[in-house]
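Here is the structure we will look at, set down as structure tokens.
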Amino acid sequence: MSSRARKRLIIGFFTILIVGGVASGSIFYIWANLTNWNSSNNNPPNNNNNGGTVEFKDLEIVFTDFFEIRKTKTFDAVALVKNPNLDYGASAVSYEFAFENAGGEIMGVISDKAHILPGQDRYIINPALRFSDTPASVAFKIKEIEWEAISEFSLSGLTFRDTQFISDLNTNFMKFSGIVENRSPYNLQNLEVHVVLYDTQSNLAIAAGRTDMQTLIRDQDRFFQVAWPYTLGFEPRVDFRIETNLFENSNFIRDQQGRKKFQEFFDAEAKSN
């Protein structure tokens, strides 16, 4: 082989090495960046709708208690629950009231579901529970939570007026009544009014009750009353609130005017998921 041919062969060999190295480096660079791009877009921080994770704060149980009705072994149970999450509510909170006797044995467990809005504190009341004996204590436990983002709706359009507390010692009967006003843009199927009475000295809950109402059309008013077949002998502090399930599609009675806003919200939510 001539010296000129040998020189061309050496130059060609090193050219192949250089070009191959550049190409390999470029391929590795592109692959690495594609991998990082896919990773960052599949797992964005604090984004529940795009495959990432959201750190939810636990629901706080402020207190739980129960009250016997006239020594009839019938009880009203109540818990006050607070949601510290400001962007997420819970469309379903599975809970239970577990009643124990003096020996620590479970006498009965009442299980059900509730809902809670972002930043809300709400009562959960199960009235008229019957047992064969008087429980010594009750524990309120949250078993499972289904979190859901909700921002369009609030309970601000549901208000009270003309409320009054009456206690009649002659008939041994007390009641709290008033008017619920629906000034929201929605026609609602199911609502609950929760009432808890507090001792003004100890600030402890001493009675609880609720009443249900159906079909409250917007701009409509509705009378309500929560009653107890006993009296306290003093004037309590009354805390009263209204609850309705804003997560449940069937809770909204649709008409031509009210349907559009509600449907737009859920369509937008569906497209983002």
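The values are calculated or read from the model by the stated rules, or taken from the named source; none is laboratory data. As the structure is a computational prediction, the values presented were derived from the model and not from experiment. Every residue, glycine among them, receives a Cβ derived from its backbone with ideal geometry; neighbour counts consider all protein chains shown.
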**Request:** Kindly indicate whether any position in segment 165-177 is surrounded by 14 or more Cβ atoms within 10 Å (Cβ to Cβ), outside the structural domain of Gln214 (by TED's automatic domain parsing) and aromatic (Phe, Trp, Tyr).
**Result:** no
**Prompt:** Any residue in segment 214-227 that is under 21 Å from Ala79 (Cβ atoms) and buried (at least 16 other Cβ atoms within 10 Å of the Cβ)?
**Reply:** yes
**Request:** Would you be able to say whether some residue in segment 114-130 is in contact with a Ser or Thr (Cβ under 8 Å, 6 or more places away or on another chain), surrounded by 14 or more Cβ atoms within 10 Å (Cβ to Cβ) and among the charged types (D, E, K, R)?
**Result:** no
**Request:** Inspect all residues belonging to segment 130-152 and state whether any of them is on the phi > 0 side of the Ramachandran plot and part of a strand (DSSP E or B).
**Result:** no
**Item:** Residue match in segment 143-161 (condition: under 20 Å from Val81 (Cβ atoms), of a type in the set (Lys, Arg), under 21 Å from the mean Cα position of the chain (by Cα) and surrounded by 19 or more Cβ atoms within 10 Å (Cβ to Cβ))
**Value:** no
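Matching residues to (1) in contact with a helix residue (DSSP H, G or I) (Cβ under 8 Å, 6 or more places away or on another chain); (2) not assigned by TED's automatic domain parsing to the domain that holds Arg241:
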residue: Glu100; (1), (2): no, yes
residue: Ile125; (1), (2): no, yes
residue: Tyr186; (1), (2): yes, no
residue: Glu192; (1), (2): no, no
residue: Val195; (1), (2): no, no
residue: Tyr198; (1), (2): no, no
residue: Asn203; (1), (2): no, no
**Fill in**
Within segment 178-194, of all residues that are assigned to a strand (DSSP E or B) and in contact with a Gly (Cβ under 9 Å, 6 or more places away or on another chain), the one surrounded by the fewest Cβ atoms within 10 Å (Cβ to Cβ) is Glu181
**Complete set of residues in segment 68-84 that are buried (at least 18 other Cβ atoms within 10 Å of the Cβ) and either in contact (Cβ under 8 Å) with a residue 40 or more places away in the chain or part of a strand (DSSP E or B) (or both)** = Ile69, Phe75, Asp76, Ala77, Val78, Ala79, Leu80, Val81
